[in-house]
Amino acid sequence: MTSTRAFEIAGRVERFVRDVVVPYEHDPRRDHHGAPLDELVHEMRGHARTEGVLTPHILKGGDHLTQRETATVLIASGLSPLGPLACNTMAPDEGNMYLLGKVGSPALKERFLEPLVAGRARSAFMMTEPADEGGAGSDPSMMQTTCRMDGNHWVINGRKTFITGAQGASVGIIMAKAGDVASGGGACLFLVDLPDPAIRIDDVPNTIDSSMPGGHATITIDNLRVPADQMLGDAGEGFKYAQIRLSPARLSHCMRWLGACIRANEIASDYANRRHAFGKPLIDHEGVGFMLAENLIDIKQAELMIDWCAGVLDTGSLGTAESSMAKVAVSEALMRIADRCVQVMGGTGVTDKTIVEQVFREVRAFRIYDGPTEVHKWSLAKKIKRDWKAAQ
């Protein structure tokens, strides 16, 4: 059961997002692709700081809300596409803060985590690599980026792609593969200050989504020298640490975008009750009314699935199969909700007059980020095969 403190925090976050953040949704301070500029982000965060809802999932002293409590808060922050930015609950920072809190040394937390929690800095998680170069995507074992020891520094070389928020970030977490560490090789994670002349942004492509400052960059890492004490955790344990971050990552996306879909459904429902066609409100036409009814069902099922998965995650016993089920079920449900909202609103639904069309675009992209739906289904299929073999 979600705690009283979580409901209290979420209530304050919801009021802040609805009253303060929503009016910013048509603010023109955007880049060429429509993503909010850092000037806009910092202005909203100033309001959040004043209202006591900045980084609300991390308490004074550094304690993190439970995953179930976090779900309640992140859903509230997601009621506007700008809400997670304003409240500092957005990706990739929320996941990076979680990882640093779990694995970082006291010195690394002070240097890299504190500015993130305070909302003064943005971060980037550099794992995915260009597919046309044989690099790692959903399969991190294909990692091409390398690191090697040189004195008391690690030297990193490689290419990364779809690195969310890299442009304008102050903190970078880089995954690279070593072949000569004492553990016998393997992936390593490094914390770096950004920008750095050895990290070059080659391209920031236009993508279907536009909620992330800094876009999704392709970068080249050319002989980057990182002090040995900026390794996150132990050498060769990078894949394990990445799973600490990625285990709740897509679930956190589910939380935020559920909030956005709740808001989109509110807008579509208001439209259907106000708009008349063929002598009666749209809501009285079964084809429209039933879509909104189906939205309520999907919203409730998504809430329950998130709550169940977050609760199991809190126990430390969440398996890959359970996590995959929640991530698939919720992401696909949110796509249905967003699609119906656009359909209910007709021509208005595909314009930027409301956030409905943006929510549709963002959720479509979210079905790929942090592991495509098909990867999670594949994980479930492998479990089915293992269970079948075990039963023979």
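Observations
- A residue that is hydroxyl-bearing (Ser, Thr, Tyr) and not assigned by TED's automatic domain parsing to the domain that holds residue 13 can be found somewhere in the stretch 91-105.
- Residue match in the stretch 266-281 (condition: under 30 Å from residue 379 (Cα atoms) and among the polar types (S, T, N, Q)): no
- Only one of the numbered conditions (1) crowded, with 17+ Cβ neighbours inside 10 Å; (2) over 20 Å from residue 232 (Cβ atoms); (3) out of contact with any strand residue (DSSP E or B) (no Cβ under 8 Å at 6 or more places or on another chain) is not met by residue 113, and that is (2).
- If the condition is being farther than 24 Å from residue 78 by Cα and either in contact with a Phe, Trp or Tyr (Cβ under 8 Å, 6 or more places away or on another chain) or surrounded by 13 or more Cβ atoms within 10 Å (Cβ to Cβ) (or both), then the stretch 201-216 contributes 201, 204.
- Here 89, 4, 50 are screened, and the one residue that is hydroxyl-bearing (Ser, Thr, Tyr) and either within 23 Å of residue 167 (Cβ to Cβ) or surrounded by 15 or more Cβ atoms within 10 Å (Cβ to Cβ) (or both) is 89.
- Condition met for residue 292 (closer than 21 Å to residue 329 by Cβ and hydrophobic (A, V, I, L, M, F, W, C)): yes
A quick yes/no check of all residues on (1) among the charged types (D, E, K, R); (2) more than 18 Å from the chain's Cα centre (by Cα):
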residue: 293; (1), (2): no, yes
residue: 307; (1), (2): yes, no
residue: 322; (1), (2): yes, yes
residue: 329; (1), (2): no, no
residue: 349; (1), (2): no, yes
residue: 355; (1), (2): no, yes
residue: 390; (1), (2): no, yes
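- Any chance residue 354 is touching a helix residue (DSSP H, G or I) at 6+ places or on another chain (Cβ under 6 Å), of a type in the set (S, T, N, Q) and at negative phi: yes
- Within the stretch 77-112, the set of residues being assigned to a helix (DSSP H, G or I) and among the β-branched types (Val, Ile, Thr) comprises just one member, 103.
- Residue among 25, 39 that is under 22 Å from residue 265 (Cα atoms) and surrounded by fewer than 21 Cβ atoms within 10 Å (Cβ to Cβ): 25
- The residue list 232, 292 contains one member that is of a type outside the set (Ser, Thr, Tyr) and in contact with a Ser or Thr (Cβ under 6 Å, 6 or more places away or on another chain), which is 292.
The values are calculated or read from the model by the stated rules, or taken from the named source; none is laboratory data. What you are looking at is a predicted structure, and each value in this text was computed from that prediction instead of being measured. Cβ coordinates were reconstructed from backbone atoms using ideal geometry, including for glycine residues, and neighbour counts include every protein chain displayed.
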